[in-house]
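The values are calculated or read from the model by the stated rules, or taken from the named source; none is laboratory data. Everything numeric here is computed off the predicted structure, so don't read it as measured data. Cβ atoms come from the backbone with ideal geometry, glycine included; neighbour counts cover every protein chain shown. Heads up: the accessible areas ignore ligands, DNA and RNA and are worked out on the full protein's heavy atoms, side chains in. Shrake-Rupley method; radii C 1.70, N 1.55, O 1.52, S 1.80 Å.
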Amino acid sequence: TMGDVFIPVMVAGHSLGEFSALVAAGALSFEDGLRLVSARAQAMQKASEKTPSTMAAVVAVPDAKVEELCASVTEGVVVPANYNCPGQIVISGSIEGVDAACAKMLEASAKRALKLKVGGALHSQLMEPARAELADAIAHTDFHAPKCPVYQNVNAEPQTDPETIKKNLIAQLPAPVRWTQPIQNMIAAGAATFVEVGPGAVLQGFVKKISSEVATSGIQ
């Protein structure tokens, strides 16, 4: 910290929050970040309207088992979408696919398999139609080298190259959000304190479940 100002040495953002992380790291201007968030939302909305789809939170089923059960569903489309923390994965897909997967999760002793109040299969292949629209918006936006590494959702690896960051942002739309993995990688790289920026403490909760050894706090 510098006075009351936090100077991050590495950043990450969950799904949409990756744009906030890029702004915090100086890779994007605040204004360009807002423009891209708007373009992304509109592209995802259009994709969501093409296929009735939804998402569901699965609690207390190991990651590998969630993957196995999703792959075994023959009705519609369903895939792991958010690897939030050990014991919590969000699945995503067509309504029939998610319904079938939720039934399998409960049979596998999930504590919960709860459908979420969303109107789209975010971070699944049903978002593929949104990719080109977002890619066009990103192509017309100035990206800079970040002041610190950005651990991106797609591969959980630290990135500093603007072109790689752009490709990963585009790839993020139909791909799962990896949160457990980048947090583990940040800890391995020396992160001992995580500060969540914004209202709420959801990400702090995820980080604590990923590692009890690190400190967490929040600023609004």
**Asked** Could you give the radius of gyration (one decimal) and Dmax (whole number) of the Cα atoms in the range 1-130, in Å?
**Response** 17.2, 56
**Complete:** The answer for residue 25, listing residues at least 5 apart or on another chain whose modeled amide H is closer than 5 Å to its amide H, is none
**Request:** Report in % the part of the accessible area of the chain that belongs to carbon and sulfur, leaving out ligands and nucleic acids; probe 1.4 Å.
**Result:** 56 percent
**Message:** Only sites in a loop by DSSP and with at most 15 other Cβ atoms within 10 Å count here; which GluC sites (Glu not before Pro) in the range 63-116 make the cut?
**Reply:** 75
**Item:** Filtered GluC sites (Glu not before Pro), the range 120-220: DSSP coil and at most 13 other beta carbons within 10 Å
**Value:** 213
**Message:** If each DSSP helix of 4+ residues adds -39,500 (n - 2.57) and the sum is divided by the residues in the chain, what number results at 222 nm, nearest 500 deg cm²/dmol?
**Reply:** -13000 deg cm²/dmol
**Segment residue 125-residue 201, extension gain: residue separation times 0.36 nm, minus the distance between their alpha carbons** = 24.4 nm
**Highest-fluctuation residue, 171, 21, 71 considered, GNM on the chain with Cα pairs under 10 Å** = 71
**Message:** I want to check a number: in the range 99-220, how many lysine pairs have alpha carbons closer than 30 Å, given a sequence separation of 8 or more or different chains?
**Reply:** 20
**Request:** Kindly list the residues of the range 117-153 that lie in the label zone of residue 7, defined by a backbone N under 17 Å from the point 7 Å along the Cα-to-C-beta vector.
**Result:** 146-149
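Excluding ligands, DNA and RNA, what is the solvent-accessible area per residue of the chain at a probe of 1.4 Å, expressed in Å²?
Ligands and nucleic acids excluded, the figure is 49 Å² per residue.
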**Fill in**
Between residue 216 and residues 5 or more places away or on another chain, the pairs with built amide H atoms under 5 Å apart involve 194
**Estimated FRET transfer efficiency when R0 is 45 angstrom, pair residue 145-residue 111 (beta carbons, to 0.05)** = 0.55
**Prompt:** What residues have an amide H closer than 5 Å to that of residue 112, excluding those fewer than 5 places away on the same chain, when H is modeled at 1.01 Å from N in the peptide plane?
**Reply:** 59
**Prompt:** Where is the GNM fluctuation largest for the chain (alpha-carbon springs, 10 angstrom cutoff): 194, 30, 143?
**Reply:** 30
**Request:** Provide the FRET efficiency to the nearest 0.05 for the residue 157-residue 103 pair, computing r from the beta carbons and using R0 = 30 Å.
**Result:** 0.25
**Request:** Calculate, in nm to one decimal, what residue 118 and residue 35 gain on full extension: separation in residues at 0.36 nm each, minus their alpha carbon distance.
**Result:** 27.6 nm
**Item:** residue 187 paired with residue 212, simple spin-label distance in nm, labels 7 Å along Cα-to-beta-carbon
**Value:** 1.1 nm
